[in-house]
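Chemist: Sharing a structure, written as structure tokens. Questions coming.
Taken together, the values in this text are just the output of simple stated rules run on the coordinates, not laboratory data. Keep in mind it's a predicted model, so treat the numbers as computed, not measured. For neighbour counting, all protein chains shown are included, and Cβ atoms are generated from backbone atoms with ideal geometry for every residue, glycine included.
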Amino acid sequence: MLTVQLLVNALALGAAYALVALGFVLVLNAAGAVNFAHGDMVMLGGVAGVTLAAMLAGAGLRLPGIVLLPLVVLISGLVGLGVAALGFWPLRDRPPAAMFVATIALAAVFEQSATAFFGPEPRTAPAVWDGAPIAIGGITLGRQPLALIVVAGVAIAGVYALLEKTQIGRRFRAVAQDRDMARALGVRAVHLVVGAFVLAGGLAGLAGALLGHQFFVNAGQGPAYMLKAYIAAAVGGWGSVPGALLGALLIALFETLVSAALSAVWAQALLYFALLAILLWRPQGLFGEAIGRRA
Amino acid sequence: MSAVPAPFAVFMRGPAPLLIAALAAVAWIAVVGDSYALRLATLAATQALLVLGYQLVFGHAGALSLAQGALFGLGAYVAALLSLHAPWGVSLTLPAAALSAMLVAALVGAIVLRLETHYFALATLAVAQLIHLAAVNWEMLTGGANGLPGVPALSLAGMTITRGGPMLLLAWSLFAIAAWIVARVMAGLTGLALDLAREHPPAAQSVGIDVAGLRFTAFVAGAGLAGLAGGLHAHVVGVVSPDVTDMPVMVGCLIATVIGGRRAVIGAALGAILLTHAPEWFRFLENRHLIAFGALALAMVIVAPDGLADLLATVRRRLWPLPERTSGAVLAPPAGVARRSVALRVEHVGKAFGGVRALDDVTMVLAPGEAVGVIGPNGSGKTTLLNVITGILPAEQGEVRLGTESLRRRPAFTIARLGVARTFQHAELSAATSVLDAVATAAFARSPRPPRDVAGAEARHWLLRVGVADSAALRCGALPAGRRRLVEVARAFMARPRILVLDEPGAGLSRAERIELARRLRILRGSGTTVLVVDHDIDFLAACVDRLICLERGRIIADGPIETVRRDPHVRQAYFGRDDAAAEP
């Protein structure tokens, strides 16, 4: 029974990581570079959730967490737009390392801003689905993990439909494959890249608000989330969307199980060792073929 | 500007203003500096060493390492542990700190340096996180989150270097020595070789530069400086906590490198001073000074990617322009160095990309001193053939021999050192490097390595012989494509090849220029160099080679004297899309 609870928790964590990784890999494909500020967009989503809830509570409105989520996504999308405007747009014709470095600086700005205006101490984001744990058979399941799985699942399915079924999605995939070729064919590549940033920001913010209830929100947590997405993308095969989602689930499973068996510290350390081993022996990722020389 | 007396301009162009600024800073600290100011200025020196090391890794070798901060922390822990637990250790802490960081870097570098940019960044980030985890959780050794308090002051040969003035002097002296060494090395051919290895690895290998070895050396040397900086930091602060291994150290180092400048040593000092003093100067912003600093870094990346050092240099050049360098020394290579010409044998070579057979059982022999042209329609495997010969791609079947030596499984740079030089279809030259330097770079792999000015004089000789000497002072990026190819031809000759492999050297040139190039190539190969030229223009080839080979779909369909191949019906079919010999004008 305990294993089922453990697995549900792992799945919930994995669903949130998958949101983070999805945005990361969309930007990676579109801009051809790593967005180092991605983790801080997650953190800012959590901050937005906490702040919104506090403001509404101050105004006498006690809304359930689920109502806040669209607002959080909207704000985070704007953050993504900001990242695109500062970290990508001015550097779009420079080598990928330029965006990497710029977003590192941007991440520092985000983190310091959050510390300065939000405070360094961890806070709890509102629950999406409040209430006592649900008991099914002999198993008790928290409501928040269940809600997290559902919300993240819907968001991911939505993005997937956008990518696979719509004209915008087709254009986007063309840009991801070959930006110059897509441009030559008349696709307004830069608009789509900026769109990817906005979408990535929204997804990251959603993940931040969802995770912020169980794992708290604090200004310094950005790099850890960025690293998870980065690892998921590398493990899943650079640039592969399904690979990154699967990679995120694997990381969550690995973390939950190793934490339960050994300790959280060992879970972290072994994850890094596993990553190094994969980069060494299977640099094309665990799933699928290498996308080629993207970096 | 003409009102400025010349001696003043000469003074301002030289190193004097820098020295005066440094002396003024020292005097200011000595006069008004309290112990806090002294400590801050000392910490600036440790940061400057860290950034100097990162310039080697990131600026020169182009490796986006995210482990530099953790290696700094490692050095700090090693220095602290040694001075706390080994009584003899206090005078050895700094070398030990540097060496331990180099050891870890060598281990990590051997494994992950071959990864590409983003994978390399991630792998080094993982290593950094592991070092940080160890610092926090290995409490027996590191004291856990509390760290190691009570690190004694440094002592050198029995003399204690007290914190304050003496330590400040030591730290900045160490930086000055390290910066002088780095600047000296980078002013020579090594700096040019690093530029080419960073921006065009295949081209660097084609002139015998061991790109992987160079990157590795830079990575380990940079780590040594990080470890040294960390060791100093431990002695300056007196406490070592896990913070020294954490992300903010790395981010600070990266930001300081970007603000100061990626390659100029003066940038390391500027970036580090700003990084350590910004909290003081931006104090009026209260706890928001770090936001301002991050925003400044971001602005620098966007507006001035080469950093403050470059801005300063530009301003100085504008105000007090350097006199035109008149040294146009030309030096022909000594007659004795021409290497014995050699035969090239390609034996049953095969290579496939996925399902496409790019080369299929290709066999050809170039006699010593012979010049052979290769023609063939687009996609017939011409460039693949050159890439297999020069070791950029491994052959799947068959092998290539140089004289009696097999080239199988040899890295490209060792093949180049055996005497195979080449040019590329899309000229591979660092845009910011001058034409003269680009050619001189090829002397890097010679042993003994000549000084840069000697290499430059010989480079001028080859530029003259190829016919682009008038562009010697221009940046490669400013040349039209055709002339860039000619610079590559000069660079290939600079490598003193026994076999010269040219990939469409005439493309992008006018017809007259092509005829001129063919004439020059004929003269140049008079010294006995074996030549293999790929081109589409049969007239151009006819003017500079003895024999033609025609490739089609990876197979040799004709091989013989120029006129025979030109009239061969298979060639006409494949190449001109017609087989009626009568159609020839």
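Chemist: Compute the distance from the alpha-carbon center of the stretch A:238-280 to that of the stretch B:402-465, in whole Å.
Modeler: 45 Å
Chemist: Let me know the shape class of the stretch B:132-236, please: from the alpha-carbon gyration tensor, a ≥ b ≥ c as square roots of the eigenvalues, rounded when a/c is under 1.5, otherwise prolate if a/b is greater than b/c, or oblate.
Modeler: Judged from the Cα gyration tensor, the stretch B:132-236 comes out oblate (a/c at least 1.5, b/c at or above a/b).
Chemist: Could you give the distance between the Cα centres of the stretch A:1-65 and the stretch B:70-116, to the whole Å?
Modeler: About 38 Å separates the Cα centre of the stretch A:1-65 from the one of the stretch B:70-116.
Chemist: If you don't mind, there's one more thing I want to ask. Using the Cα centre of chain B as the reference point, and only Cβ charges (+1 on K/R, -1 on D/E), how large is the resulting charge dipole? Debye, rounded to the nearest 20. Spell out each step's value before the answer.
Modeler: Values: 52 positive and 41 negative charges, 226 e Å.
It works out to roughly 1080 debye.
Chemist: So, one more: In the stretch B:375-480, which trypsin sites (Lys or Arg not before Pro) are in a loop and have at most 15 other Cβ atoms within 10 Å, using DSSP for the loop call?
Modeler: Here the trypsin sites (Lys or Arg not before Pro) that fit, given the DSSP loop and packing criteria, are B:408, B:409.
Chemist: In addition: Can you tell me which of B:548-559, A:182-193 comes out highest on packing, and rank the rest after it, using the mean Cβ neighbours within 10 Å?
Modeler: Result, highest mean first: B:548-559, A:182-193.
Chemist: Need one value for A:259-269: mean number of C-beta atoms belonging to other chains within 10 Å of its residues' C-beta atoms.
Modeler: Details: counts 0, 0, 0, 0, 1, 0, 5, 2, 0, 5, 6.
Mean inter-chain Cβ contacts per residue within 10 Å come to 2.
Chemist: Go through the stretch B:558-575 residue by residue and turn each phi into a ³J(HN,Hα) via Karplus (6.51, -1.76, 1.60, θ = phi - 60°); whole Hz please, and just put x for glycine and proline.
Modeler: Computed from phi, the couplings for the stretch B:558-575 are 7, 7, x, x, 4, 5, 4, 5, 4, 8, 4, x, 5, 5, 4, 4, 6, 9 Hz.
Chemist: Taking the DSSP beta bridges in the protein assembly as shown as the whole, what percent of them are antiparallel, to the nearest 5?
Modeler: In the protein assembly as shown, DSSP labels about 65 percent of beta bridges as antiparallel.
Chemist: Within 10 Å of each Cβ in peptide B:112-124, how many partner chain Cβ atoms are there on average? Round it to a whole number, please.
Modeler: Across the residues of B:112-124, the mean count of other-chain Cβ atoms within 10 Å is 5.
Chemist: If you place +1 on the Cβ of every Lys and Arg, -1 on the Cβ of every Asp and Glu, and leave all else neutral, what size is the dipole of the stretch A:92-159 about its Cα centre, to the nearest 20 Debye? Please list the in-between numbers first.
Modeler: Working: 4 positive and 4 negative charges, 27 e Å.
My answer is approximately 120 debye.
Chemist: In terms of the Cα gyration tensor, with a ≥ b ≥ c the square roots of its eigenvalues, is the stretch A:120-171 rounded because a/c is under 1.5, prolate because a/b exceeds b/c, or oblate?
Modeler: oblate
Chemist: With the Cα gyration tensor of the stretch A:146-224 giving a ≥ b ≥ c as the square roots of its eigenvalues, does the rule (a/c under 1.5 for rounded; else a/b larger than b/c for prolate; else oblate) give rounded, prolate or oblate?
Modeler: oblate
Chemist: Work out the length of the dipole vector of the protein assembly as shown about its Cα centre, built from +1 on the beta-carbon of each Lys and Arg and -1 on the beta-carbon of each Asp and Glu, and round it to the nearest 20 debye.
Modeler: The calculation lands at about 1360 debye.
Chemist: List, in order, the whole-Hz ³J(HN,Hα) value for each residue of the stretch A:216-231 obtained from phi through the Karplus relation with A = 6.51, B = -1.76, C = 1.60 and θ = phi - 60°; use x for Gly and Pro.
Modeler: Values, residue by residue: 6, 10, 9, 4, x, 7, x, x, 4, 5, 4, 5, 4, 5, 4, 5 Hz.
Chemist: Would you kindly derive the ³J(HN,Hα) couplings of the stretch B:191-207 from the backbone phi angles with the Karplus curve 6.51 cos²θ - 1.76 cosθ + 1.60 (θ = phi - 60°), listing them in order in whole Hz, with x for Gly and Pro?
Modeler: Per residue, the Karplus-derived 3J(HN,Hα) values read x, 5, 4, 5, 4, 5, 5, 6, 8, 9, x, x, 5, 4, 5, 5, 10 Hz.
Chemist: Give me the net charge of residue B:65's neighbourhood, meaning all other residues with Cβ under 14 Å from the Cβ of residue B:65; Lys, Arg count +1, Asp, Glu -1.
Modeler: Taking every Cβ under 14 Å from that of residue B:65, the sum is +3.
Chemist: Please list B:481-493, B:14-26 highest first by mean number of surrounding beta-carbon atoms within 10 Å per residue.
Modeler: B:481-493, B:14-26
Chemist: Right, something else. How large is the convex hull of the C-alpha atoms of the stretch A:65-163 per residue, in Å³? Don't skip to the end; give the middle numbers.
Modeler: Values: hull volume 16.5 nm³, N = 99.
Per-residue hull volume (Cα only) is 167 Å³.
Chemist: Can you give the average number of partner chain beta-carbon atoms within 10 Å of each beta-carbon in peptide A:271-279, as a whole number?
Modeler: The per-residue average across the peptide is 4.
Chemist: Which residue, B:419, B:389, B:406, has the largest displacement toward the positive end of the dipole of the stretch B:386-425 when charges sit on each Cβ (Lys, Arg +1; Asp, Glu -1)?
Modeler: It is B:419.
Chemist: So, by mean Cβ neighbours within 10 angstrom, what's the order for B:158-171, B:357-370 with the highest one leading?
Modeler: B:357-370, B:158-171
Chemist: Would you calculate a helix-derived [θ] at 222 nm for the protein assembly as shown, using -39,500 (n - 2.57) for each DSSP H run of n ≥ 4 and dividing by the full residue count, to the nearest 500?
Modeler: -19500 deg cm²/dmol
Chemist: If I fit a long axis through the Cα atoms of helix B:35-54 and take the longest principal axis of the Cα atoms of chain B, what angle between them do I get, 0 to 90°, rounded to 10?
Modeler: The angle comes out near 20 degrees.
Chemist: Helix B:307-319 against the longest principal axis of chain B: what's the angle in degrees, Cα atoms only, rounded to the nearest 10?
Modeler: Tilt of helix B:307-319: around 80 degrees.
Chemist: Using only Cα atoms, find the angle between the long axis of helix B:68-85 and the longest principal axis of chain B, and express it within 0 to 90 degrees, rounded to the nearest 10.
Modeler: Taking the Cα atoms of chain B, the angle to B:68-85 is about 40 degrees.
Chemist: Report the antiparallel proportion of the DSSP beta bridges in the stretch B:468-585 as a percent, rounded to a multiple of 5.
Modeler: Antiparallel bridges: around 55 percent, rounded to the nearest 5.
Chemist: Hey, can you grab everything whose amide H is under 5 Å from the amide H of residue B:373? Only 5+ residues off in sequence or another chain; H modelled, so Pro and N-termini drop out.
Modeler: B:533, B:546, B:547, B:548, B:549
Chemist: If I take the Cα coordinates of the protein assembly as shown and project them onto the principal axes, what are the three extents in Å, biggest first?
Modeler: 95, 73, 57
Chemist: Can you give me the long-range amide H partners of residue B:501? Hydrogens built in the peptide plane at 1.01 Å from N, cutoff under 5 Å, separation of 5 or more residues or another chain.
Modeler: B:421, B:422, B:423, B:532
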